[in-house]
Amino acid sequence: MTKLLVLILIAELWGNAGQIFYKKTVNKIGSPNLRSLHSYTRFVKKVVAAPMIWFGLGFITISLVIWLVALALADLSLVFPIDSMQYIITLITAHIFLNEKINKMKLIGTLLIVGGIIFVAMS
Amino acid sequence: MKKRHVTLNLFILIVLTDIGESIAQLFMKTGLNHIGISSVTFSNLQEFAIKSATSYFIWLGILVYIVNFFIWITILSKIDLSVAFPVGSTSYIFVPILAMIFLHESIGPMRWVGIILIVAGIHFVSKSTHIEEGGKAK
């Protein structure tokens, strides 16, 4: 059980690192104008050419592989409640690495989602 | 850094990536079932790789994943990760409800409570960007 918990946590941290890399990349590139095909193609080109995106993709792939191992080891009723921790991890790491603000509403909302997932998974 | 709200269009895109994720997994699972190898070991790794690479379903799954990736990156370019990510938990709402409608699975009281909590959570997280803008100056 503890082993599983650690395994899922590791998978989440890798996945989270990937998301941070994604977000850092698009923060640098800027957002496309979705009404302009030209703007969007330019955006896609910049994304594909950004090394950090590929780092992120690598991290997320590793996370998926660890996930598959965890799924093989345990039943899903345990995995999903633990997995809901990723929302809290994201809140914290996005604050530290991306300077995203944590306000009361965001905190309450995130905790409600985590609680909700635990209920859904337990039922 | 710009702070943008979760507009209806962005919300639809986020739901779309959730649906895409489920569809991709469905394709992958169907593909793997067609291949008919129940467990992968070092001895049949090559056979597994070749059969996977020739399965239409596996390629369809990969294609949906790629499209999903670009939709997600587009979403991230518009809003904070700590907003987009929790709002992306809509699959926990739609999967049970779709399973109820199409597969006639029943949803117990505990699950309804969970679904309501998630809906409320998504609402709060989406609204949290408004506070930032309306409140203190950055």
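The values are calculated or read from the model by the stated rules, or taken from the named source; none is laboratory data. Given the structure is predicted, the values throughout are model-derived calculations rather than measurements. Please note: Cβ atoms are built from the backbone with ideal geometry, for glycine as well, and neighbour counts cover all protein chains shown. Ligands, DNA and RNA are stripped out before the accessible areas are found, and what is left, the full protein with its side chains, is counted by its heavy atoms. Shrake-Rupley method; radii C 1.70, N 1.55, O 1.52, S 1.80 Å.
When the residues of segment B:59-89 are filtered to those that are of a type in the set (Ser, Thr, Tyr) and crowded, with 18+ Cβ neighbours inside 10 Å, which remaining residue is modelled with the lowest pLDDT? Going through the qualifying residues, I end up with B:89. The set of residues from segment B:91-110 being open to solvent by less than 80 Å² (accessible area, probe 1.4 Å) and either modelled with pLDDT of 90 or more or assigned to a loop (DSSP other than H, G, I, E, B) (or both) comprises B:107, B:108, B:110. Does segment A:28-43 contain any residue that is open to solvent by 60 Å² or more (accessible area, probe 1.4 Å), closer than 23 Å to residue B:10 by Cα and β-branched (Val, Ile, Thr)? For segment A:28-43, residues open to solvent by 60 Å² or more (accessible area, probe 1.4 Å), closer than 23 Å to residue B:10 by Cα and β-branched (Val, Ile, Thr): present.
Here residue B:17 meets the list (1) open to solvent by 30 Å² or more (accessible area, probe 1.4 Å); (2) under 23 Å from residue A:29 (Cβ atoms) almost entirely, failing just condition (1). Residues that are over 18 Å from the mean Cα position of the chain (by Cα) and of a type in the set (Phe, Trp, Tyr) within segment B:1-44 comprise just one, B:42.
Checking the stated criteria, residue A:13 turns out not to satisfy the condition of being open to solvent by 80 Å² or more (accessible area, probe 1.4 Å), assigned to a helix (DSSP H, G or I) and either acidic (Asp, Glu) or closer than 21 Å to residue B:124 by Cα (or both). The one condition from (1) under 20 Å from residue B:71 (Cβ atoms); (2) surrounded by fewer than 18 Cβ atoms within 10 Å (Cβ to Cβ); (3) charged (D, E, K, R) that residue A:104 does not meet is (1). How many residues does segment B:20-58 hold that are over 30 Å from residue B:125 (Cα atoms), loosely packed, with under 14 Cβ neighbours inside 10 Å and in contact (Cβ under 8 Å) with a residue 24 or more places away in the chain? The qualifying residues number 1.
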